[in-house]
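Chemist: Next up is a structure, given as structure tokens.
The values are calculated or read from the model by the stated rules, or taken from the named source; none is laboratory data. What you are looking at is a predicted structure, and each value in this text was computed from that prediction instead of being measured. Ideal geometry is used to build each Cβ from the backbone, glycine not excepted, and the neighbour counts take in all protein chains shown.
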Amino acid sequence: MKKGFTLIETLIVIGILGMISGVTVTFYLGALKIYDNKKCDFVALETASFISKSINTCLENKENGCIYIDVERNCIKFKNGDGYLKGTYFLPSGFKVWGSSLRFYVYCNKDKLIDSGTIKIKYKNDFYRDITMSVPIGLPYVKADE
């Protein structure tokens, strides 16, 4: 009597291993997509938070300011009315930022007006988030859309 696997048994084992690996790869790719989606949400919220803090700094100090997007360095900069750099937020590796306007001005004179506009955050060419700046009835807000 010979010991070992027959050809049929070997093919069955290979088939089962193929099905298990197919399911595993599918779940793994799905988990990566969820992770990338959450990472994009997190960076969009961090960016919106930086912009909100910049606007609030202008309002608290009653000074004008400028928030502008540096596409080449992939960052968002905040300068006060005198042109002094007060803050910079660098996007993490793999993210890109752009917008219809690359400068948003914060005027804190009597009207407390800021420019409205939208910037976009892109990650791996698959994930996009919009960050909208607006002034409804004199109260500025910044919102990261999903």
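Chemist: Please note which strands (runs of 3 or more DSSP E) are completely contained in the range 34-101 and include at least 1 residues that are of a type in the set (A, V, I, L, M) and under 16 Å from the mean Cα position of the chain (by Cα).
Modeler: So the answer is 65-70, 75-80, 95-99.
Chemist: Looking at this structure, is Ser21 at pLDDT 90 or above, among the hydroxyl-bearing types (Ser, Thr, Tyr) and surrounded by 10 or more Cβ atoms within 10 Å (Cβ to Cβ)? Give the derivation first.
Modeler: On the way: at pLDDT 90 or above: yes; among the hydroxyl-bearing types (Ser, Thr, Tyr): yes; surrounded by 10 or more Cβ atoms within 10 Å (Cβ to Cβ): yes.
Criteria met by Ser21.
Chemist: What's the total number of residues in the range 102-128 that are in a loop (DSSP other than H, G, I, E, B), surrounded by 14 or more Cβ atoms within 10 Å (Cβ to Cβ) and modelled with pLDDT under 70?
Modeler: Residues that pass the stated criteria total 3.
Chemist: Out of all the residues in the range 78-94, which are closer than 18 Å to Glu46 by Cα and exposed (fewer than 11 other Cβ atoms within 10 Å of the Cβ)?
Modeler: Ser93
Chemist: Are any of the residues in the range 5-12 farther than 23 Å from Arg129 by Cα and not in a helix (DSSP H, G or I)?
Modeler: Scanning the range 5-12, I find at least one residue that is farther than 23 Å from Arg129 by Cα and not in a helix (DSSP H, G or I), so the answer is yes.
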